[in-house]
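The values are calculated or read from the model by the stated rules, or taken from the named source; none is laboratory data. All values reported here derive from a predicted model rather than from experimental measurement. With ideal geometry, Cβ positions are generated from the backbone for all residues, glycine too; neighbour counts draw on all protein chains shown. The area values use the complete protein model at the heavy-atom level, side chains included, leaving out ligands, DNA and RNA. Shrake-Rupley method; radii C 1.70, N 1.55, O 1.52, S 1.80 Å.
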Amino acid sequence: MSILYGFYKPDAGQILVGGKPISISDSQTAIRAGIGMVFQHFKLVQNFTVLENIILGVEDGALLRPSLSKARGVLKRLAAEYQLNVDPDEVVENLPSDTSSGSRSSRRCIAWPTS
């Protein structure tokens, strides 16, 4: 999966998307080809907001502000649709921990669509 997502370069073989060979140099290329990655052991940036963590790695360009604005609208729509109580501006380290398991590192997570 790390090769498909552009984290590592393949030693041999080729990657086909829709039956056509593709060279994936980074995660942005993979995302444009319709390949997403769900990390088993994700790490949240504790001093980033919920919204900043959601878009991390899939920014629209070099400047973060347009990506945040676009993502904020989508997040609000999804939160309303799925009745989620999500504050996109809350800093992750301030979110409630999962105290039922005794783990202080567990945080609420939001699955973000790639398309």
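Checking each residue in segment 68-91 for being farther than 13 Å from Glu52 by Cα and open to solvent by 60 Å² or more (accessible area, probe 1.4 Å) picks out Lys76, Arg77, Ala80, Glu81, Tyr82, Gln83, Leu84, Asn85.
Taking residues in segment 1-19 that are more than 14 Å from Gly36 (Cβ to Cβ) and assigned to a loop (DSSP other than H, G, I, E, B), and partners anywhere that are open to solvent by 70 Å² or more (accessible area, probe 1.4 Å) and of a type outside the set (A, V, I, L, M, F, W, C), the pairs with Cβ atoms closer than 8 Å and at least 6 places apart or on different chains are Ile3/Lys9; Gln14/Pro21. Among the residues of segment 50-58, at least one is assigned to a loop (DSSP other than H, G, I, E, B), within 25 Å of Met1 (Cβ to Cβ), at pLDDT below 90 and in contact with a helix residue (DSSP H, G or I) (Cβ under 9 Å, 6 or more places away or on another chain).
Here's the yes/no breakdown for (1) in a loop (DSSP other than H, G, I, E, B); (2) at pLDDT 75 or above:
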| site | (1), (2) |
| --- | --- |
| Gln28 | no, yes |
| Ala62 | yes, no |
| Ser67 | no, yes |
| Leu75 | no, yes |
| Asp87 | yes, yes |
| Cys109 | yes, no |
| Trp112 | yes, no |
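Checked against (1) modelled with pLDDT of 85 or more; (2) open to solvent by less than 80 Å² (accessible area, probe 1.4 Å), Asn94 passes all but condition (2).
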